[in-house]
Amino acid sequence: MRTKELARLCENLSIRDEDSEIHQIYEGLERDGVEDANHCLVGKVLSSRRVNREAFKSVIEQLWSPFGTVDIEVVGENIFMFYFNNPIDQDRIWNRGPWHFDRSLIVLEKPEGTGHISQFSFSRAKFWVQIHDIPIICMNRRMARWLAEQIGEVIDIPTESRDCWGKFLKVKVSIDISRPLKRWLRLKLDKSGNIVMIGLKYERLPKFCYACGRIGHSISDFSDVEAKK
């Protein structure tokens, strides 16, 4: 294509004067929009396949019915908007995850700011994690928090109850699911140089690839044949 033709195309694509005007949303409309956003969650089903939308709506409406009524709209490829009657119902769903559909994780986002869906990363999810094979010196609340920080952002640590202590510690963390899951922590506990390995078990773990360590597909979907061996 000639240079002159390219220049002509660029001129045709340029913003006209009448399109360049900036329209300011007045305060009343903005308040209504913020109120609506406080009733919403946006979720993406992490699956390598397209989700059956009607089946998804039916399952989620039934699954979430004990927590209130929810309206579901499709807003993108495997992306859905959930509208609740009030922020309390929204918080119940937000705090009770992780949620799954057909063994695939539903990654939820809370709208903030303008709530532009294209800006959501869908890259973090909350999990309860059991920390196994821990030495006795790690069986305290302060150490539990430190260990949780090595896994992700700390959301919750159970109260002073020691029901599980001695078997495992249990913490709730928000993790970056765009990266491989940590399955072990290597600890150097004293000056001897000995390394202790403690195992991590994620509760309600969805579809997971043991080849690459990531959530969102299984090893049967992984393209690297060598990784399957």
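Quick look at the values:
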read-out: Selection count, region 54-98, where residues are of a type in the set (A, V, I, L, M, F, W, C) and either out of contact with any Asp or Glu (no Cβ under 9 Å at 6 or more places or on another chain) or closer than 17 Å to residue 122 by Cα (or both); value: 11
read-out: For residue 142: the one exception among (1) assigned to a helix (DSSP H, G or I); (2) in contact with a helix residue (DSSP H, G or I) (Cβ under 8 Å, 6 or more places away or on another chain); (3) modelled with pLDDT of 85 or more; value: (2)
read-out: Number of positions in region 84-128 that are under 17 Å from residue 65 (Cβ atoms), out of contact with any helix residue (DSSP H, G or I) (no Cβ under 6 Å at 6 or more places or on another chain) and among the charged types (D, E, K, R); value: 2
read-out: Number of the exception - residue 211 against (1) at pLDDT below 90; (2) not in a loop (DSSP other than H, G, I, E, B); value: (2)
read-out: Options 89, 32; residue that is outside the structural domain of residue 172 (by TED's automatic domain parsing), surrounded by 14 or more Cβ atoms within 10 Å (Cβ to Cβ), of a type outside the set (A, V, I, L, M, F, W, C) and modelled with pLDDT under 95; value: 89
read-out: Hits in region 68-90 - residues which are under 10 Å from residue 40 (Cα atoms) and within 16 Å of the chain's Cα centre (by Cα); value: 81, 82, 90
read-out: Any hit, region 120-128, residues being small (Gly, Ala, Ser) and either surrounded by 15 or more Cβ atoms within 10 Å (Cβ to Cβ) or on the phi > 0 side of the Ramachandran plot (or both); value: yes
read-out: Residue match in region 84-103 (condition: part of a strand (DSSP E or B), in contact with a Lys or Arg (Cβ under 8 Å, 6 or more places away or on another chain) and in contact (Cβ under 8 Å) with a residue 24 or more places away in the chain); value: yes
read-out: Condition met for residue 62 (touching a strand residue (DSSP E or B) at 6+ places or on another chain (Cβ under 8 Å), farther than 20 Å from residue 217 by Cβ and either outside the structural domain of residue 106 (by TED's automatic domain parsing) or not aliphatic (A, V, I, L, M) (or both)); value: no
read-out: Subset of region 44-61 (residues that are among the hydrophobic types (A, V, I, L, M, F, W, C) and assigned to a helix (DSSP H, G or I)); value: 55, 56, 59, 60
read-out: Test result for residue 148, at pLDDT 90 or above, in a helix (DSSP H, G or I), small (Gly, Ala, Ser) and not assigned by TED's automatic domain parsing to the domain that holds residue 76; value: yes
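The rows are residues; the columns are (1) touching a Leu at 6+ places or on another chain (Cβ under 9 Å); (2) under 19 Å from residue 202 (Cα atoms); (3) of a type in the set (Ser, Thr, Tyr).
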position	(1), (2), (3)
59	no, no, no
65	no, no, yes
71	no, no, no
74	no, no, no
86	no, no, no
100	no, yes, no
103	no, yes, no
109	yes, no, no
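The values are calculated or read from the model by the stated rules, or taken from the named source; none is laboratory data. In this text, all values refer to a predicted model and were calculated from it rather than measured experimentally. Cβ sites come from the backbone with ideal geometry, for glycine too, and all protein chains shown count toward neighbours.
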